[in-house]
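Peer 1: Below is a structure I'd like to ask you about.
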Amino acid sequence: MVYFSGLVGLLLILTAEARIGNSSESSFCTESRECLLYDLVCQNDDYEVRHYDSVKWVSTDEECYSMDKAMYTAFQRLFKYITGSNEAGVNIDMTTPVTVKIEEKKRLWQSSVFTLNFLLPSDYQMTPPQPTDDSVYFTETPDMKVYVRSYGGWMMSLTSSVNSMLLKRQLDKVQATYNKDYHYAVGYDSPMKILNRHNEVWYMVEGEPVCPTSS
């Protein structure tokens, strides 16, 4: 029984480490030691379909009319967590990507809840230190497939909105089914990086992914 429990524990640790790997394995994770890795399901000229294993994030919510303002406030909160404002008082490495879960607005004048997420490193996937701020909490994304559109430059409200609209247009064109309640804005670079920046928009696949060679 002890042997079986130990084996299960070892498998869980190995699984956690396999989901988050060395950034050298990704062409656009250039500033962190670890990166969220994925399996490419298919791709065409407009988007990719990726498979991600379940992983744990540290998260916080901010209700606002603008993603830019919400991200600034939420980033400060999560940055404090990884730089020692946790019950263990430990510094936690920054990883990539950083994601923002964005509610789909029904009306332009409505505010949205933006959820900013920092990926927890492999060392803290199983037992992360508890936050000292009540507005910081842990989330876990499921084993999932996502539709992905990549773009360069800076991830801001305008660029994120334009690229989410372009991705939705392509998905609707090929009659793909996806979660239309929210999407993710995904960034891989710090503000200090000027050239070769990489950003993405994710929509969660529902049902079987649709990925024609030309759309």
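The values are calculated or read from the model by the stated rules, or taken from the named source; none is laboratory data. If you're wondering where the values come from, they're calculated on a predicted model, not measured in any experiment. Here the Cβ positions follow ideal geometry from the backbone for every residue, glycine too, while neighbour counts run over all protein chains shown. In case anyone asks, the SASA skips ligands and DNA or RNA and just uses the protein heavy atoms, side chains included. Shrake-Rupley method; radii C 1.70, N 1.55, O 1.52, S 1.80 Å.
Peer 1: Out of (1) open to solvent by 30 Å² or more (accessible area, probe 1.4 Å); (2) touching a residue at least 40 places away in the same chain (Cβ under 8 Å), the odd one out for Tyr47 is which?
Peer 2: (1)
Peer 1: Please indicate, with yes or no, whether at least one residue in the stretch 158-175 is assigned to a strand (DSSP E or B), of a type in the set (S, T, N, Q) and surrounded by 12 or more Cβ atoms within 10 Å (Cβ to Cβ).
Peer 2: no
Peer 1: Now, a different point. Return the pair list, or none, for Cβ contacts closer than 8 Å from residues in the stretch 67-79 that are at positive phi to residues that are open to solvent by 80 Å² or more (accessible area, probe 1.4 Å), at least 6 apart or on different chains.
Peer 2: Matching pairs, first to second residue: none at all.
Peer 1: Could you say which residue among Cys35, Cys42 is part of a strand (DSSP E or B), surrounded by 13 or more Cβ atoms within 10 Å (Cβ to Cβ), in contact with a helix residue (DSSP H, G or I) (Cβ under 7 Å, 6 or more places away or on another chain) and not small (Gly, Ala, Ser)?
Peer 2: Cys35
Peer 1: Out of all the residues in the stretch 71-118, which are open to solvent by less than 10 Å² (accessible area, probe 1.4 Å), farther than 25 Å from Tyr178 by Cβ and among the hydroxyl-bearing types (Ser, Thr, Tyr)?
Peer 2: Tyr81, Thr95
Peer 1: Find the residue count for the stretch 176-215, including only residues that are open to solvent by 60 Å² or more (accessible area, probe 1.4 Å) and hydroxyl-bearing (Ser, Thr, Tyr).
Peer 2: 3
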